[in-house]
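The values are calculated or read from the model by the stated rules, or taken from the named source; none is laboratory data. Since we're looking at a predicted model, the values are computed, not measured. Positions of Cβ are backbone-derived with ideal geometry, glycine not excepted, and every protein chain shown enters the neighbour counts.
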Amino acid sequence: MTDLAPTDPRQHALRRASLPDAFTYALYACSPYRGCGHGCLYCDGRAEKYYVEGDFARDIVTRPWLPDALARELTTLREWGALALGSGVTDIYQPCERSELLTRRIVEVVADMPDRTVAGGVAPLPVVVLTKSALILRDLDLWARIDARAGVLVLVSITTLDDAVRRVFEPGASPVGERLEVLRAFRAAGIATGALAMPFLPGVTDDPTSIAALLEALAGLGTTFVMPGGLTLRPGRQKECVERLLAAHYPDLVALYARLYGEDRASGSPVFGYQARLEREIRSIRHRLHLPRQVPHPLLRRLLAPHDELWVLFSQMRELYAERGVDTRRLSEASNRYGTWLKTMRTTFRRRRTLPATWLGERFGTAIETGELAQVLANDKLARFTERVARDRLVLDHETLALR
Ligand code: SF4
C-alpha cells in the first residue's frame, strides 16, 4: 500500500462538478483510496482511461491526509448538494479500510459537520455511498446520524445471486448474502437504498432466469430502485483481464466474448444487437416487478438543490420517455440549454466569492419568476412543468409520468 501525500498544497479533498453526476446524482465526490482490493476482474478501474498504475487490486494508494483536509474544506463550502463516496473505480469499504479507517474518519467528519447555510440548502451534505462490501454495516450508526440530518442513499452493487460466480469475478468483495443483508439492514434503519445490478455477464448471468431471480430478490428487500446494466470491456488491460479469466474458468465462452466485444469500441460496449436485446429483457422484467431504474423524485429532492434537481430530472425524463417510444429530441435540446445556463450561473457564483451563499438559489428563483428560464428552455410545456416542480414543489411519478 502506498500513502499519497498531496504534492500540491492547493490539492482539494473534494472534487466539485459543474453539474451533478448523472450516475451518482452527486455534486461532490471524494475517495480515500485509489485502486480496489475487491479486485473485480471486469472492473472499469483497470482500464487505461483511469490511469491506475501498477496492479489495480494490490497496489492500493491511500490518502491519509484526506479526512483532515475534508474537515477544513467543509467549513468553507458554499454550495449544497450530495457528496458521492466511492465510485465505479474504487470502493471506500474495500478490505484495507478495516485497518486504515480512513472511510470511518471521513464519515465522522461529514456526520459532525456544523450547520451552515450554503447555496441551495443547509449543511451538512447528503451522501450517496456505493459499495460491494458488508463492512459498511460497521458504520451504520454514523450513516443513521447523517441521514437524520441531511439524507443518505446507499447503493449496493450486486451482480448475481450465485456466490460461485461471485468468487470468480469479484474475489475480494463481500459474499452475495452479506450484500443483501446490507440492503436489508439499511432499509430497516429507515435509510434509502438502491442497487446496482451490473454488469450482467454474457453467457454467465445474462439469461432471463438469472436476471429475474436477482431483480426479484432485490425488489423483495424493498430496494427503492435498481440500476441494471450489461458488461462493457474497454480494449486494453480491462478486456485482457477478462479474457484471461474466461480462458481459465469459462473456455467455452471465449468465442462468444470475441464476437460480442470484437469491435473494440472505446466505450467498451458490445455489439448493438446484443445490447438492445439485453436492455429489452431487463426492461420487461423490471416492468413486471414495478421496479424503477432511477432514483425516485422525492429522494432526488433530498440530495440536490432545486436548480440541480431540475437538471437531473430532465435527464431522467429523457430516459423515461424514450423507453415509451416518445421522440425526446426537443426535450434533449431544452435540457442542454438549461445545462449551459446553469453552468454559466455556477461559474459566476464560484468566481465571485463576494456573492452571498444564497445567490445561486435566488438567481434560479428569479429566472423562473421573470420568465428568463422559459426563454432558456424555449419550450412552453417544459417551462410550465418547471414552474410546478420548482415553485409548487410537485414531484414526478416515474410510473405515470404525472406530477403530484
Ligand atoms: S468493488 Fe467496484 S471499484 Fe472495486 S474492483 Fe469491484 S467494481 Fe472495481
Seminar exercise, completed: Within region 63-72, restricting to residues that are assigned to a helix (DSSP H, G or I) and not charged (D, E, K, R), the one that is farthest from the ligand (Cβ to nearest atom) is 71
For this session: Of the conditions (1) surrounded by fewer than 16 Cβ atoms within 10 Å (Cβ to Cβ); (2) within 19 Å of residue 401 (Cα to Cα), residue 312 clears all except one; give me its number.
Result: (1)
Exercise. On the given criteria, is residue 357 at negative phi, touching a strand residue (DSSP E or B) at 6+ places or on another chain (Cβ under 6 Å), outside the structural domain of residue 292 (by TED's automatic domain parsing) and of a type outside the set (Lys, Arg)?
Worked result: yes
For this session: Could you please find all residues in region 62-118 being within 19 Å of residue 135 (Cα to Cα), among the hydrophobic types (A, V, I, L, M, F, W, C) and surrounded by fewer than 23 Cβ atoms within 10 Å (Cβ to Cβ)?
Result: 89, 96, 101, 102, 109, 111
Exercise. If we keep just the residues of region 35-61 that are on the phi > 0 side of the Ramachandran plot and either aromatic (Phe, Trp, Tyr) or buried (at least 22 other Cβ atoms within 10 Å of the Cβ) (or both), which is nearest to the ligand (Cβ to nearest atom)?
Worked result: 35
Seminar exercise, completed: Going through region 294-334 in order, the residues found to be at negative phi, over 20 Å from the mean Cα position of the chain (by Cα) and not charged (D, E, K, R) are 321, 322, 326, 328, 331, 332, 334
For this session: Go through region 161-179 and give me each residue that's in a helix (DSSP H, G or I) and away from the ligand (no atom under 16 Å from the Cβ).
Result: 164, 177
For this session: Check off (1) touching a strand residue (DSSP E or B) at 6+ places or on another chain (Cβ under 6 Å); (2) among the charged types (D, E, K, R); (3) not in a helix (DSSP H, G or I) for residue 393 and give me the number that stays unchecked.
Result: (1)
For this session: Pairs only if they're at least six apart or on different chains, beta carbon under 7 angstrom, first in region 262-276 and in the same structural domain as residue 201 (by TED's automatic domain parsing), second part of a loop (DSSP other than H, G, I, E, B) and among the acidic types (Asp, Glu); list them, first residue then second.
Result: 271/263
Exercise. Has region 284-293 got at least one residue that is modelled with pLDDT under 95 and at positive phi?
Worked result: yes
For this session: Being assigned to a helix (DSSP H, G or I) and not aliphatic (A, V, I, L, M) is the filter here, so list the residues in region 288-311 that pass it.
Result: 288, 297, 298, 301, 302, 306, 307, 308, 309, 311
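Yes/no matrix, rows are residues, columns are (1) of a type in the set (Gly, Ala, Ser); (2) over 22 Å from residue 126 (Cα atoms); (3) in contact (Cβ under 8 Å) with a residue 40 or more places away in the chain:
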position: 285; (1), (2), (3): no, yes, yes
position: 289; (1), (2), (3): no, yes, yes
position: 296; (1), (2), (3): no, no, yes
position: 306; (1), (2), (3): no, no, yes
position: 320; (1), (2), (3): no, yes, yes
position: 334; (1), (2), (3): yes, yes, yes
position: 389; (1), (2), (3): no, no, yes
Problem set entry | Enumerated helices (runs of 4 or more DSSP H) restricted to region 329-385, each holding at least 3 residues that are at pLDDT 95 or above, charged (D, E, K, R) and within 14 Å of residue 312 (Cα to Cα) | none
Exercise. Could you count how many residues in region 73-130 are within 16 Å of the ligand (Cβ to nearest atom), over 13 Å from residue 30 (Cβ atoms) and modelled with pLDDT of 95 or more?
Worked result: 8
Exercise. Looking at (1) touching a Gly at 6+ places or on another chain (Cβ under 8 Å); (2) within 22 Å of residue 131 (Cβ to Cβ); (3) crowded, with 22+ Cβ neighbours inside 10 Å, can you tell me which one residue 233 breaks?
Worked result: (2)
Exercise. Pick from region 14-34 the residues that are buried (at least 22 other Cβ atoms within 10 Å of the Cβ) and not in a loop (DSSP other than H, G, I, E, B): which of them is farthest from the ligand (Cβ to nearest atom)?
Worked result: 28
Seminar exercise, completed: Scanning region 131-149 residue by residue, those buried (at least 21 other Cβ atoms within 10 Å of the Cβ) and either in contact (Cβ under 8 Å) with a residue 40 or more places away in the chain or within 13 Å of the ligand (Cβ to nearest atom) (or both) turn out to be 131, 132, 133, 136, 143, 147
